[in-house]
Amino acid sequence: MSVIITGNADAREAQAYVEYLENKHHRKLEKLDINLDGDYADLNYEFEHVPFERIRRITGYLVGTMDNWNDAKAAEERDRVKHTLTGAKNA
């Protein structure tokens, strides 16, 4: 993690800002820029990337992938009607 401090602050104060942001948002920081101006602190920060797996509802099941489906269930998904928005007018 990168922490850049502009102004007069020590490492304990910077660590307190890191802990505050990580606890508040329940995510790990990747980058934190602290700009101190008198009694004010301007915090600019970025969080680490969170891996995301898409989950869809297919034929009544919540699934991420269909890798473990048997042939019959895969055929059911392949043969189902898939709806599109082609031709839909914008309101």
Among 47-54, 2-9, the order from most to least packed when residues are scored by Cβ within 10 Å on average: 2-9, 47-54
Give me the percent of the accessible area of the chain that comes from carbon and sulfur atoms, probe 1.4 Å, all protein chains in place. 48 percent
The chain - share of DSSP beta bridges that are antiparallel (%, nearest 5): 70 percent
Over the chain, average the accessible area per residue using a 1.4 Å probe and give it in Å², no decimals. 87 Å²
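Percent relative contact order of the chain, based on C-alpha pairs within less than 8 angstrom and at least six residues apart?
Rounded, it is 20 percent for the chain.
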Charged-residue dipole, Cβ positions (Lys, Arg, Asp, Glu), the chain about Cα centre, Debye nearest 20: 880 debye
q = 0.19 Å⁻¹: log10 I(q)/I(0) that the Debye formula gives for the chain, counting C-alpha atoms only: -0.89
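The values are calculated or read from the model by the stated rules, or taken from the named source; none is laboratory data. Fair warning: this is a prediction, and the values are worked out from it, not measured in the lab. So basically every Cβ, Gly included, is an ideal-geometry build from the backbone, and we count neighbours across all protein chains shown. What goes into the accessible areas is simple: the full protein's heavy atoms, side chains included, and nothing from ligands, DNA or RNA. Shrake-Rupley method; radii C 1.70, N 1.55, O 1.52, S 1.80 Å.
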